[in-house]
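J.: Take this structure, written in structure tokens, and hold onto it; I'll ask about it next.
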Amino acid sequence: MPFNRSIRTFLEQPEIDSDDWEIALQPYEEDPDRAALLGVCLTILRGHLANKPRKLNEAIGEIDRALEALYLHSHFNEIAFVLFRRMAEGSLSLEEQMMLKTLGIKV
């Protein structure tokens, strides 16, 4: 999988292939302790999914928490903060204001 393909294309793909995992897990190459911790987390998540539907809500909650934590390390977090600062300063461009209104954010 090319690293720069669009999120839409990624989400339309029904399975995660080995290239996806290699890219996603590459930062763990130099950190075996964190790699082991991620392995534990994935094993717990797998256990929840294997015991469906009893643990399905717990698995979904864990995935949501993981996404929230990943967001803090993403460029989306930086962009959102920049937009927040521009809004607070009153310096949003018209295009930025329209985009935020489209997303349901009052400016």
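J.: Given L49, L67, which one is free of Cβ contacts under 8 Å to residues at least 12 places away in the same chain, aliphatic (A, V, I, L, M), in contact with a helix residue (DSSP H, G or I) (Cβ under 7 Å, 6 or more places away or on another chain) and open to solvent by 60 Å² or more (accessible area, probe 1.4 Å)? Write out each step before concluding.
T.: Working: L67 fails: in contact with a helix residue (DSSP H, G or I) (Cβ under 7 Å, 6 or more places away or on another chain).
Testing whether each residue is free of Cβ contacts under 8 Å to residues at least 12 places away in the same chain, aliphatic (A, V, I, L, M), in contact with a helix residue (DSSP H, G or I) (Cβ under 7 Å, 6 or more places away or on another chain) and open to solvent by 60 Å² or more (accessible area, probe 1.4 Å) leaves just L49.
J.: Turning to a different aspect of this structure: What helices (runs of 4 or more DSSP H) lie completely within the stretch 53-107 and have 2 or more residues being within 14 Å of the chain's Cα centre (by Cα), charged (D, E, K, R) and closer than 30 Å to A24 by Cα? Before you say what the answer is, go through the steps one by one.
T.: Details: elements: 56-71, 75-89, 94-102.
Passing ranges, in order: 56-71.
Residues checked against (1) over 25 Å from W21 (Cα atoms); (2) acidic (D, E); (3) at pLDDT 95 or above:
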residue: L37; (1), (2), (3): no, no, yes
residue: V40; (1), (2), (3): no, no, yes
residue: K55; (1), (2), (3): no, no, no
residue: I60; (1), (2), (3): no, no, no
residue: Y71; (1), (2), (3): no, no, no
residue: N77; (1), (2), (3): no, no, no
residue: F81; (1), (2), (3): yes, no, no
residue: F84; (1), (2), (3): yes, no, no
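J.: Which condition from (1) assigned to a helix (DSSP H, G or I); (2) of a type outside the set (D, E); (3) without any contact (Cβ under 8 Å) to a residue 12 or more places away in the chain is the one that L38 breaks?
T.: Unmet for L38, out of (1) assigned to a helix (DSSP H, G or I); (2) of a type outside the set (D, E); (3) without any contact (Cβ under 8 Å) to a residue 12 or more places away in the chain: (3).
The values are calculated or read from the model by the stated rules, or taken from the named source; none is laboratory data. Because the structure is a prediction, the values reported are computed rather than measured. Cβ: placed from backbone, ideal geometry, glycine included. Neighbour counts: every protein chain shown. Accessible surface areas use protein heavy atoms only, side chains included; no ligands, DNA or RNA. Shrake-Rupley method; radii C 1.70, N 1.55, O 1.52, S 1.80 Å.
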